[in-house]
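Q: Just dropping this structure here.
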Amino acid sequence: QVQLVESGGGLVQAGGSLRLSCAASGRTFSRYGMGWFRQAPGKEREFVAGVSWTGGSTRYAESVKGRFTISRDNAKNTMTLQMNSLKPEDTGVYYCAAARSNIANAFSTYDYWGQGTQVTVSS
């Protein structure tokens, strides 16, 4: 069982930065691939970024490549998403999720989800 809690969302102007964090409970955090998803109003939830067990492999949606960076610290049971050069289209609720697999991409099966944190980018 893994419980996930996101933090760090907020309101920022276009071009600004935010850093999201995901805190996980449980002793087996390092055995879960971790991902970030987002859902904009009226749209389906979409994959943003994923990181493997050790953090050595990452995946990004094309729309955020070069602007977002995902990382994890297994010693602290945390995962972060550094978001730079934010755009209004990045607005949405951001969720962290845990997959019982090393690979964490858009097609992985995610077993645990956080409640989400709101990110709003104004133009």
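The values are calculated or read from the model by the stated rules, or taken from the named source; none is laboratory data. Computed from a prediction, not measured in an experiment: that's the story for all the values here. Cβ: placed from backbone, ideal geometry, glycine included. Neighbour counts: every protein chain shown. All accessible areas refer to the heavy atoms of the entire protein, side chains included, with ligands and DNA or RNA removed. Shrake-Rupley method; radii C 1.70, N 1.55, O 1.52, S 1.80 Å.
Q: What distance in nm separates the two pseudo spin-label positions at LEU11 and ARG31, each 7 Å out from Cα along the beta-carbon direction?
A: So the two model labels end up 4.4 nm from each other.
Q: Specify the residue with the greatest mean-square fluctuation among PHE107, PHE37, PHE47, computed from a Gaussian network of the chain linking alpha-carbon atoms under 10 Å apart.
A: Judging by the Gaussian network model, the answer is PHE107.
Q: So what J values fall out for the range 37-47 if you push phi through Karplus, 6.51 cos²θ - 1.76 cosθ + 1.60 with θ = phi - 60°, rounded to Hz, Gly and Pro as x?
A: Residue by residue, the range 37-47 yields 10, 9, 9, 8, x, x, 10, 6, 5, 10, 5 Hz.
Q: List the relative contact order of the chain as a percent without decimals, with contacts defined as Cα pairs under 8 Å and 6+ residues apart.
A: About 36 percent, as a whole number.
Q: I've got another one for you. In whole percent, and with a 1.4 Å probe on the protein chains, what portion of the accessible area of the range 56-97 is carbon and sulfur?
A: Looking at the range 56-97 in its full context, I get 47 percent from C and S.
Q: Here is a follow-up. Fully extended, how many nm does the chain gain between ARG67 and ARG45 (0.36 nm per residue separation, minus their Cα-Cα distance)?
A: 6.0 nm
Q: For the range 1-40, compute the orientation-averaged projected area of the C-alpha convex hull (one quarter of its surface), in nm².
A: 3.8
Q: Nothing charged except the Cβ atoms of Lys and Arg (+1) and of Asp and Glu (-1): what's the magnitude of the dipole of the chain about its Cα centre? Round to the nearest 20 debye.
A: My answer is approximately 260 debye.
Q: Would you calculate the volume per residue, in Å³, of the smallest convex hull containing every Cα atom of the chain?
A: 89
Q: What is the Cα convex hull volume of the range 78-123 when expressed per residue in Å³?
A: That works out to 98 Å³ per residue.
Q: Does a label point 7 Å from the Cα of GLN118, set along Cα-to-beta-carbon, have any residues of the range 68-92 with amide nitrogen under 17 Å, and which are they?
A: Label zone hits: 88-92.
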